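Chemist: Got a structure here, written out as structure tokens. Questions coming.
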Amino acid sequence: ALPRDLAGRRVVVSAGGTREALDPVRYLGNRSSGRQGYALARVAAQRGAHVTLVAAHTADLGDPAAVEVVRVGSALELRDAMHAAAKDADAVVMAAAVADFRPDALAAHKIKKDGSEPPPLRLALNPDILVELVAAREPGQVVVGFAAETGDEAGDPLHHGRAKLARKGCDLLVVNAVGDGRAFEVPDNSGWLLGADGSEKELEAGSKALLASHVWDAVAARLD
Ligand code: C5P
């Protein structure tokens, strides 16, 4: 049986990928399935928390039991829903894949193919919701981010994760090593759980539910 260590706590989890509309029928999107966020919501509810799941576009997952689900489409909708839900929350987990950019204008009608020139695609920057949530957080609220990182010339995924944790200002950051078919659209996840206190825990490859348990263990320890 799972511990009931989140009983009486309110937690908010975002999941899935945002869709940024170009016109009434088209959008810019990403490949997030929402599985990790749903696992986080399900496990938190099993551990006794009152859970609000803010779900952007996901695979066909089915609502987790005993979880309040708020559906959103775009990054700007996700932002509003997160700020509203985070107000009286003990913990906030940003597992959603938020589009960094959106089309800078939403065409009122379907964009037509006319002539030989494709229309220009101009983008606007979306807000960084995680950074905003950190800035707006109540005293004692624990904020968790996710980062999908590949290694490159500048460093390994862990190195990039540390820098991102500092930049975002959250309490915990789950770093997933991606590339080579890892993490996206697959049931397993692995990586590291980094704490703003300098802690670092390697997360062996395992189910998204197992990774969720590690996240809630770390959150529960910080709430005590
Ligand atoms: O900077 P990067 O997109 O890698 O950061 C990932 C983390 O930041 C995730 O927790 C994601 O949910 C969050 N994020 C956000 N708003 C954005 C982009 C990412 O909250 N516009």
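Chemist: Go through the range 214-222 residue by residue and turn each phi into a ³J(HN,Hα) via Karplus (6.51, -1.76, 1.60, θ = phi - 60°); whole Hz please, and just put x for glycine and proline.
Modeler: For the range 214-222, the Karplus-derived couplings read 4, 5, 5, 4, 5, 5, 4, 5, 7 Hz, x marking Gly and Pro.
Chemist: Return SER32, SER199 ranked ascending by Cβ neighbour count within 10 Å, so the fewest neighbours appear first.
Modeler: The order, fewest Cβ neighbours first, is SER199, SER32.
Chemist: Helix 35-46 versus the longest principal axis of the chain: what angle, 0 to 90°, nearest 10, using Cα atoms?
Modeler: Roughly 40 degrees between the two axes.
Chemist: Identify which of ALA108, ALA124, ALA97 has the largest mean-square fluctuation in a Gaussian network model of the chain, with springs joining Cα atoms closer than 10 Å.
Modeler: Sorting by GNM fluctuation, first place goes to ALA108.
Chemist: What are the ³J(HN,Hα) values, in whole Hz, obtained from phi via the Karplus relation 6.51 cos²θ - 1.76 cosθ + 1.60 with θ = phi - 60°, for each residue of the range 71-87 in sequence order, with x given for Gly and Pro?
Modeler: In residue order, the calculated couplings are 9, 9, x, 8, 4, 5, 5, 4, 4, 4, 5, 5, 4, 5, 6, 6, 3 Hz.
Chemist: Could I ask something else about it? Under a point-charge model restricted to the Cβ atoms of Lys and Arg (+1) and Asp and Glu (-1), what is the dipole moment magnitude of the range 1-87 relative to its Cα centre, in debye to the nearest 20? If you can, show how the numbers build up before the last one.
Modeler: Working: 12 positive and 8 negative charges, 60 e Å.
Around 280 debye, computed over the range 1-87.
Chemist: Can you compute 3J(HN,Hα) from phi for each residue in the range 2-13, using the Karplus curve 6.51 cos²θ - 1.76 cosθ + 1.60 with θ = phi - 60°, rounded to whole Hz and x for Gly and Pro?
Modeler: Once θ is set to phi - 60°, the couplings for the range 2-13 become 7, x, 9, 6, 10, 4, x, 9, 10, 10, 10, 10 Hz.
Chemist: Using mean Cβ contacts within 10 Å as the protection proxy, how do 154-162, 61-69 order, highest first?
Modeler: Most protected by this proxy first, the peptides run 154-162, 61-69.
Chemist: Further question: Order the peptides 114-122, 14-22, 80-88, 2-10 from the highest to the lowest mean number of other Cβ atoms within 10 Å of their residues.
Modeler: In decreasing order of mean packing, 114-122, 14-22, 80-88, 2-10 become 14-22, 80-88, 2-10, 114-122.
Chemist: If you take the beta carbon distance between ALA66 and ASP217 as r and set R0 to 30 Å, what does 1/(1 + (r/R0)^6) give as a FRET efficiency, to the nearest 0.05?
Modeler: 0.90
Chemist: Given points 7 Å out from each Cα along the Cα-Cβ axis, report the LEU76 to LEU2 separation in nanometres with one decimal.
Modeler: The two pseudo-label positions are separated by 3.5 nm.
Chemist: Could you work out how much longer the chain between GLU117 and THR150 gets when fully extended? Use 0.36 nm per residue separation minus the Cα distance between them, nm to one decimal.
Modeler: Extra length from GLU117 to THR150 when fully extended: 8.3 nm.
Chemist: Set the Förster radius R0 to 30 Å, insert the Cβ-Cβ distance between ASP104 and ALA84 as r into 1/(1 + (r/R0)^6), and round the FRET efficiency to 0.05.
Modeler: Once the sixth-power term is evaluated, E becomes 0.75.
Throughout, read-outs are computed from the coordinates displayed, never taken from laboratory work. Just so it is clear, the structure is predicted and the values come from calculations on it, not from any experiment. Cβ atoms come from the backbone with ideal geometry, glycine included; neighbour counts cover every protein chain shown.
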